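Notes for the one structure printed next.
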């Protein structure tokens, strides 16, 4: 009896989590426009996606921001995790506090605070402001991930290297970095995903002419026009799926 | 890795410089057919970057945040043209650069909100009135604004997400003007709308026709073009002018002060003023163009469609929206109370 | 400065600098602007005033606050009810299956919640899947009113935030040593006692972490009520967004945001107290 209960509870939860998504994806292949009927398999919505220059622009923009911001966040964050685990410095505790508070902060507060910063500084919201915002919310994840990996590292190895005359850069690039590579890559993938899917923060800090995909989906959903949105969402979901799976495999390496 | 990053940044910064002429348009949703934009791009080679908004207020906020830079052509409503002009957010429009200027309807020109049309060129004009689903609602039930308060419509109405228009309905049913500035009267309007709230299912600025098409709402207050577009898809959707008179408005094209592509902006406005283009726009979005010549070019069914072109009596019965000055703060206060459920 | 200090300096400086510039300063600005006066021309101006904090207590706005708190609380409770057994079952399952099942929870966690919310819209529309199925099989004749209701908003919030509750719970439960429970049973405790005196206290840090990760975002997510809610569902997230992008009342919006931050601070404080009391392990 307990076994049956366990199975049905888990299945129900998974059904709840995945059901709507599967429906969305299935109907992106529907010939008909409305979900009231299934009129056969068709790729026409995907075709119209490709022929929609505005959507493609938004897609390229999103990818660009995601790529650049995830790279910057990964580089900066890895350095940061290294610094935090290895050095004592003034404000170390404050730094940790800031890292965690960013992770915990509701997106909307981050969004408006960054908007305030940019407007008061006289910056025009656009690509650069978006980039800065994305790096900011991705950083903590990289730092935490990489820091977790470095913590499991034997400091004796580093001491030995230093005794043998290695410079600090060498310690970082030739000893630590290869060891934490899975965490760095996982952090990069997660940053990429976070950036690609962000809605709330981007809503506040993006500017004219730099339309990104989630915001485009948001307006398309409100207009509720055609299953083109479904096709778009399916594509985005597949991308996320690929990135997350890759990151998960890499994170398992950390546990080893 | 550092070199990689540097190279990437170089590419990213150089790309805009290398690309050809561009034009940033900021418009209402569902307010311009894609074909018109495509035709413009083909004819002039100027790349159009098109973003949308769902209310005058959010448009104004975004333009202010970017200090008038970044958008080249925007489409505010009458009283917002007035407001933005007063605040120095608009750049003067050179009429000589507009070869199709003469096609504009003089009746819509030189209005108090922009004397001489120095800062705005009318795009379309339209009305806000009643829409309903003929399959669910009998036409006799939708003859007056007061019909919205019927108990049969509990949770079945869709309304525009516009504070002037929603409170405007409240003003009309109490016999006041939609451009009322007396706080006591605006409060009376607020009280009436408060009683309407149980009937309102959803407010929508992006696409008021959606709830009607989705069968979530059976009736409501929408713009005429929305009703027209809805009827194209779903003929049961009807548009009706209430006996007290509809609300009328004009949307114009303006160029914000900081616009970086003013020449291209003028080219675009001139393109829109072409009679054939005005016809195309009207047939797609269902709003009457400010272009007099265009009307002569239209097919009979469009010219005689009362949703797009109300009769002269309807226009007389109704009222055009104008600026209400500082009274807008009173409207805003009551709007917030409505939205927060008070 | 020797080379070790040089490298350390760069690493530390870049990071601290970034956080100072993009986290600390904006945060202080939000706090600062909340005390300023509304100015439609320049977004905010002197003089300093407490008016906006007083306004938060005005019944009109206190109502939004209260409503949001209730929604968030209910969402958190529902998520907890669903996730606790789920995480427990998952963590006690056979080892080889755990990794796969965990992945299956992580995927929706990282998927754009906007997409997931849209999926719900498709399901719940009057001419959506649920109604089509129910009408098609003759169970009902008129479509159910699902979309644009408070119910839809709850479904949306729970749906979006469920993985955020599952993961911390799972993380804590997986670490639990089964021998502790065995020992308790050996000492004569029955099922209830084992749960209430051993499992529950040990899982409390996970519960707290999950609650923080559900409660706070539920307050700030504006697109869920926007897409699924009706005319009367205005929650904190929509409210703040409105103040900044429609009403142009930055000081007031900032005051509301400060309130959210204080709430977050309070919850984190409770978390630390609870985890220190019940368990050495902190998973945040």
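Distance from the alpha carbon centroid of the range C:116-193 to that of the range B:40-73 works out to 42 angstrom. Along its first, second and third principal axes, ordered by size, the range A:34-160 spans 67, 41, 26 Å in Cα coordinates. Each of B:206, C:186, B:72 was scored by other Cβ atoms within 10 Å of its Cβ. Arranged with the fewest first, they read C:186, B:206, B:72. The C-alpha atoms of chain A define a longest principal axis, and helix A:177-197 lies at about 30 degrees to it.
Take the Kirkwood radius over Cα pairs of the range B:14-142, plug it into Stokes-Einstein at 25 °C and 0.890 mPa s, and you get 142 µm²/s for translational diffusion.
Placing pseudo-labels 7 Å out from each Cα toward the beta carbon at residue B:187 and residue A:128 gives an inter-label distance of 5.0 nm. Counting only other chain Cβ atoms within 10 Å of each residue's Cβ, the peptide C:228-235 averages 5.
With the alpha-carbon atoms of the range C:119-160 aligned to their principal axes, the span from lowest to highest coordinate is 30, 17, 13 Å, starting with the largest.
When only alpha carbons of chain A are considered, Rg and Dmax amount to 22.1, 73 Å.
Normalised size of the range A:50-100, defined as Cα radius of gyration per 2.2 N^0.38 Å with N residues, equals 1.80.
Under the simplified labelling scheme, the residue A:179-residue B:311 pair shows an inter-label distance of 8.8 nm, with each label point 7 Å from Cα along Cα→Cβ. Working from the Cα coordinates of the range B:115-170, the gyration tensor eigenvalues give, after taking √(5λ), semi-axes of 31, 13, 10 Å in decreasing order. Semi-axes of the equivalent ellipsoid of the range A:1-62 are 35, 17, 7 Å, computed as sqrt(5λ) over the eigenvalues of the C-alpha gyration tensor in descending order. Between residue C:151 and residue A:16, the distance separating the two model label sites (each 7 Å from Cα on the Cα→Cβ line) works out to 1.6 nm. Here the Gaussian network model covers chain B, with springs between Cα atoms less than 10 Å apart; of B:49, B:172, B:247, B:49 fluctuates the most. Among B:164, B:134, the order by Cβ neighbours within 10 angstrom, fewest to most, reads B:134, B:164.
For chain B, the longest principal axis of the alpha carbon atoms and the long axis of helix B:56-65 meet at an angle near 30°. Computed over chain B, the percent of Cα pairs more than 29 Å apart is 41. Length gained on full extension, residue C:104 to residue C:56, computed as 0.36 nm times the residue gap minus the Cα-Cα distance: 13.1 nm.
Its residue count N sets the reference 2.2 N^0.38 Å, and the alpha-carbon radius of gyration of the range C:29-87 equals 1.74 times that reference. When only alpha carbons are used to place a centre, the range C:196-249 and the range A:166-180 end up 42 Å from one another. Quarter the surface of the alpha carbon convex hull of the range C:59-278 and you get the mean projected area, 15.9 square nanometres.
Cα centroid separation, the range B:171-200 to the range B:210-277: 25 Å. Sorted largest first, the principal axis extents computed over the alpha-carbon atoms of the protein assembly as shown equal 90, 67, 59 Å. Of all the Cα-Cα pairs you can form in the range B:241-342, what percent are over 18 Å apart? For the range B:241-342, the fraction of Cα-Cα distances above 18 Å is 65 percent. Compactness of the range C:170-284 is given as radius of gyration and Dmax, 20.2, 65 Å, from Cα positions. To the nearest ten degrees, helix A:213-223 and the longest principal axis of the Cα atoms of chain A are 30 degrees apart. Where a ≥ b ≥ c are the square roots of the eigenvalues of the C-alpha gyration tensor, would you call the range C:25-141 rounded, which needs a/c under 1.5, or, failing that, prolate if a/b is larger than b/c, or oblate? Here the range C:25-141 falls in the prolate category. Among A:14, C:7, the order by Cβ neighbours within 10 angstrom, fewest to most, reads A:14, C:7.
Bear in mind that the values in this text are calculations on the coordinates, not laboratory data. The structure presented is a predicted model; accordingly, all values stated were derived computationally and were not measured. Glycine gets a Cβ as well: all are built from the backbone with ideal geometry, and neighbour counts include every protein chain shown.
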